[in-house]
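A short worksheet on the structure shown next.
The values are calculated or read from the model by the stated rules, or taken from the named source; none is laboratory data. Not measured: the values here are computed from a predicted model. Here the Cβ positions follow ideal geometry from the backbone for every residue, glycine too, while neighbour counts run over all protein chains shown. Each accessible area value is taken on the protein alone, full model and side chains, heavy atoms only, with ligands, DNA and RNA left out. Shrake-Rupley method; radii C 1.70, N 1.55, O 1.52, S 1.80 Å.
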Amino acid sequence: MELNTLTSSSLPQTKTAALAVGVFTDGILSSAADIIDQASEGAIKAVLKSEFKAAPTTHLVLRNLPGVSAERVVLIGLGKQDAYKASVHADAERTFANYCAKASLREGVSTLAAIECPDSTLSSRAKALAMAAGDATYHYDATLSKKDENPAPKLRKLSLWTDRAQSEEAKAGLREGQAIANGMALTRLLGDLPGNICTPTYLGDTAKQLAEQFNSLQVEVLNQQEIEALGMGSFLSVARGSDEPPVFIVLKHTPSAQNASKGKQDKTAPLVLVGKGLTFDSGGISIKPAKGMDEMKYDMCGAATVLGTLRAVAELDLNREVIGVIASCENMPSGTANKPGDVVTSMSGQTIEILNTDAEGRLVLCDALTYAERFKPAAVIDIATLTGACVVALGHVNTGLFASDDTLAQQLVQAGKQVHDPAWHMPMDDAYQKQLKSRFADIANIGGPSAGAITAACFLSRFTKAYPWAHLDIAGTAWHSGGDNKGASGRPVPLLVQYLIGQAAS
Ligand code: BES
Ligand code: MN
Ligand code: ZN
């Protein structure tokens, strides 16, 4: 996707397949809409009286307007002017990008980011345009035999109309948005690929490819033996139930020498992202019901988020050391699988009683969180499709955010707001910890029926004492289930990249 700015002052003479202009309800025009309306002798005002009410996420296409060079003017509804805000703008860009993609257009021009918003900058509006373009052009056909019956969108280029004075700010936003969009596309593809293709080994190979593609990235992929040598008894207890070999991935971004030569290479402690990489979660001996079990191929979306985020970090060459850590395996029932009542010893030395083999994510993550101590990190953030309970609590809107550190939690919430990838800070009082008491081990792997997302976070907290830590439960936000729209969402790559941009030295 090519994204650029268009600073030509003559909007009516702009040659393009589609020109997006925003209109508010009650016949109020954005300045771009006004310019086009005047050039076309009132063509826009004429339709506002009747067929177009300008509700958010609606559009109307006007072709071959007199005095206008664009083949189409696409009116985009923005709702009431006094309620206009960043999220309405982001929806508007998505409406336009989706229209362009569905109409098989190759390019378009959007004037929507030029409309001032009370709660966003031009740079973040540019970012929203780039992310909308990425979203609209994501196309899955890896496992379809008749690819031509389901062709990829042709959209190759979107231009952002702005005045010359603000062009640099817009370009900076487009660059960040593009990196986020590229990261999300990788995360979505990995999520959507079936479990028999996207295995732990496949995730390891993807990390290796990223390290080849980007100079700033270095990778290590540890095999079962090496994982054993590290003493990851909890992770391995899950992995052993499957014939598919596990991997443990460490993918490190070191800011480039370019930053160093400017004398401002980052010297602060690294930030570590830890991803749950269950390429399939059957539940194990505590097996899941058959209905919808296919969606447990998405149980590696935490790992996919780590890879997508590191890709964006590398593309932007952020001036901050960022390390991605992924523990990946399958959770299967077998003669070598965990059994309810088994006690395993984690890398930290703490023993764990496995009361439900379907609470495997925490068993895998706890050892990865212990491993992260060696980096003496400034913060560790884990990302996991951890609990159905989180979906009950927050639905598919907010990611569940748990943290041992309020500043870190606030930074993440704030980052999520800026890129329309929201997270909600959940409670994690010590009083919940007692639900994890075990008679036969230091800790049980389930905390009973109440507050399931919180007790899962409490379990992880036992392994994260050495650093500031946050946990993102993405069980409700990493993919859309059922319907036409079924597929990975790419969340929370935007939240994480935005957070990391904020933590990088400029
Ligand atoms: N991967 C699942 C969580 C999940 C379930 C994510 C549904 C998205 C949709 C996780 O491994 C799991 O099975 N968790 C159990 C924990 C329970 C046994 C304490 C759950 O949520 O049911
Ligand atoms: Mn499970
Ligand atoms: Zn799981």
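Quick check on the stretch 424-441. Is at least one of its residues in contact with a strand residue (DSSP E or B) (Cβ under 7 Å, 6 or more places away or on another chain), within 16 Å of ligand 3 (Cβ to nearest atom) and closer than 30 Å to Leu122 by Cα?
Checking the stretch 424-441: not a single residue is in contact with a strand residue (DSSP E or B) (Cβ under 7 Å, 6 or more places away or on another chain), within 16 Å of ligand 3 (Cβ to nearest atom) and closer than 30 Å to Leu122 by Cα.
What's the total number of residues in the stretch 227-253 that are acidic (Asp, Glu) and under 27 Å from the mean Cα position of the chain (by Cα)?
1
Only one of these is within 20 Å of Ile249 (Cα to Cα) and either touching a His at 6+ places or on another chain (Cβ under 6 Å) or within 14 Å of ligand 1 (Cβ to nearest atom) (or both): Ala384, Ala359. Name it.
Working: Ala359 fails: within 20 Å of Ile249 (Cα to Cα).
Unique residue meeting the criteria: Ala384.
Of the residues Lys297, Lys291, Lys276, Lys267, which is at pLDDT below 95 and either within 25 Å of Pro200 (Cβ to Cβ) or away from ligand 2 (no atom under 13 Å from the Cβ) (or both)? Even if it seems obvious, please write down each step before you answer.
Values: Lys297 fails: at pLDDT below 95; Lys291 fails: at pLDDT below 95; Lys276 fails: at pLDDT below 95.
On inspection, the qualifying residue turns out to be Lys267.
Hey, any hits in the stretch 304-312 for a residue that's more than 16 Å from ligand 2 (Cβ to nearest atom) and of a type in the set (Lys, Arg)?
Yes, the stretch 304-312 has at least one match.
Hey, any hits in the stretch 59-66 for a residue that's closer than 19 Å to Gly108 by Cβ and assigned to a helix (DSSP H, G or I)?
No.
If you go through the stretch 302-321 one residue at a time, do you hit one that is within 27 Å of Pro449 (Cβ to Cβ), within 16 Å of ligand 3 (Cβ to nearest atom) and either part of a helix (DSSP H, G or I) or in contact (Cβ under 8 Å) with a residue 24 or more places away in the chain (or both)? Give the derivation first.
Start the filter on the stretch 302-321 by keeping residues that are within 27 Å of Pro449 (Cβ to Cβ), which leaves 302.
So of that shortlist, the ones also within 16 Å of ligand 3 (Cβ to nearest atom) come out as 302.
Filter again for either part of a helix (DSSP H, G or I) or in contact (Cβ under 8 Å) with a residue 24 or more places away in the chain (or both), leaving 302.
Looking for residues that are within 27 Å of Pro449 (Cβ to Cβ), within 16 Å of ligand 3 (Cβ to nearest atom) and either part of a helix (DSSP H, G or I) or in contact (Cβ under 8 Å) with a residue 24 or more places away in the chain (or both), one finds at least one in the stretch 302-321, hence yes.
Exactly one condition in (1) surrounded by fewer than 17 Cβ atoms within 10 Å (Cβ to Cβ); (2) within 16 Å of ligand 1 (Cβ to nearest atom); (3) in contact (Cβ under 8 Å) with a residue 24 or more places away in the chain is not met by Lys437; state its number.
Answer for Lys437: the failing condition is (3).
Show the residue pairs that are 6+ apart or on different chains and have beta-carbon atoms under 8 Å apart, the first residue being within the stretch 360-385 and among the basic types (Lys, Arg), the second being open to solvent by 10 Å² or more (accessible area, probe 1.4 Å) and within 16 Å of ligand 1 (Cβ to nearest atom).
Arg362/Leu386
Might you check whether a residue that is over 24 Å from Leu190 (Cβ atoms), within 12 Å of ligand 1 (Cβ to nearest atom) and free of Cβ contacts under 8 Å to residues at least 24 places away in the same chain occurs anywhere in the stretch 269-289?
Yes, because at least one residue in the stretch 269-289 is over 24 Å from Leu190 (Cβ atoms), within 12 Å of ligand 1 (Cβ to nearest atom) and free of Cβ contacts under 8 Å to residues at least 24 places away in the same chain.
What is the residue count in the stretch 306-340 for residues that are closer than 25 Å to Gly241 by Cα, hydroxyl-bearing (Ser, Thr, Tyr) and either at pLDDT below 95 or touching a strand residue (DSSP E or B) at 6+ places or on another chain (Cβ under 9 Å) (or both)?
1
Among (1) within 16 Å of ligand 1 (Cβ to nearest atom); (2) of a type outside the set (Lys, Arg); (3) in contact (Cβ under 8 Å) with a residue 60 or more places away in the chain, which single condition is Ala409 missing?
(1)
Counting only residues that are closer than 14 Å to Leu251 by Cα and within 16 Å of ligand 2 (Cβ to nearest atom), which one in the stretch 315-333 is surrounded by the most Cβ atoms within 10 Å (Cβ to Cβ)?
Ala327
Scan the stretch 224-244 and tell me whether some residue there is within 16 Å of ligand 1 (Cβ to nearest atom), on the phi < 0 side of the Ramachandran plot and surrounded by fewer than 17 Cβ atoms within 10 Å (Cβ to Cβ).
No.
Just the residues that are within 15 Å of ligand 3 (Cβ to nearest atom) and among the hydrophobic types (A, V, I, L, M, F, W, C), please, taken from the stretch 275-301.
Narrowing the stretch 275-301 to residues within 15 Å of ligand 3 (Cβ to nearest atom): 275-289, 292-301.
Across the stretch 275-301, the qualifying residues are Leu278, Phe280, Ile285, Ile287, Met293, Met296, Met300, Cys301.
Looking at this structure, is Ile285 more than 30 Å from Gly502 (Cα to Cα), within 16 Å of ligand 2 (Cβ to nearest atom) and in a strand (DSSP E or B)?
no
Can you work out which of the residues in the stretch 147-165 that are basic (Lys, Arg) and either modelled with pLDDT of 95 or more or closer than 25 Å to His89 by Cβ (or both) is most open to solvent (accessible area, probe 1.4 Å)?
The residue in question is Arg164.
Kindly evaluate Val344 against the criterion of being in contact with a helix residue (DSSP H, G or I) (Cβ under 6 Å, 6 or more places away or on another chain), away from ligand 3 (no atom under 14 Å from the Cβ), under 20 Å from Lys437 (Cβ atoms) and aliphatic (A, V, I, L, M).
yes
If we scan the stretch 342-350, do we find a residue that is of a type in the set (S, T, N, Q) and part of a helix (DSSP H, G or I)?
No: zero hits.
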